[in-house]
Amino acid sequence: MENHVICKCKNVSYFDVEDALHQAKSFADLERTFQEVQEITHCSTGCGGCHDKILEAISEIIHR
């Protein structure tokens with residue numbers, strides 16, 4: 001997968017999301033996993049426009 005910025009407000013890239021997933025404690029459900037990634041990267045805390053893109057990236061990374 002090619003690296004690209006997903007959250008422009010906080011400059012969070014696809015690889016940042018992937019790194020955050022490696023730091024997450026568990027993958028209980030997608031929304032909880034999103035919250036853990038958000039706590040680590042601060043993505044989707046600006047305008048919120050990247051919320052769905054972050055969820056897509058998490059889902060893609062988990063299911064590889």
### Task
Pairs of Cα atoms under 8 Å, at least six residues apart: use those to get the relative contact order of the chain, whole percent.
36 percent
### Task
For K53, list the lysines whose Cα falls under 21 Å from its own Cα; do not include residues on the same chain fewer than 8 positions away.
K8, K10
### Message
Run the paramagnetic zone check for E60: 7 angstrom along Cα to Cβ, then residues of the stretch 32-54 with backbone nitrogen under 15 Å.
### Response
50-54
### Summary
With +1 on the Cβ of every Lys and Arg and -1 on the Cβ of every Asp and Glu, the dipole magnitude of the chain about its Cα centre, in debye rounded to the nearest 20, is 120 debye
### Query
Taking a Cβ-Cβ separation under 4.7 Å as the criterion for a possible partner, which cysteines of the chain have none?
C9, C47
### Summary
With every protein chain kept in place and a 1.4 Å probe, the residues R32, R64 fall, from largest accessible area down, as R64, R32
### Message
Using amide H atoms built in the peptide plane, which far-off residues or other-chain residues are under 5 Å from I6 H to H?
### Response
V12, S13, Y14
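The values are calculated or read from the model by the stated rules, or taken from the named source; none is laboratory data. No experiment lies behind these values; they were computed from the predicted model shown. Cβ sites come from the backbone with ideal geometry, for glycine too, and all protein chains shown count toward neighbours. Side chains included, ligands, DNA and RNA excluded: accessible areas come from the protein's heavy atoms. Shrake-Rupley method; radii C 1.70, N 1.55, O 1.52, S 1.80 Å.
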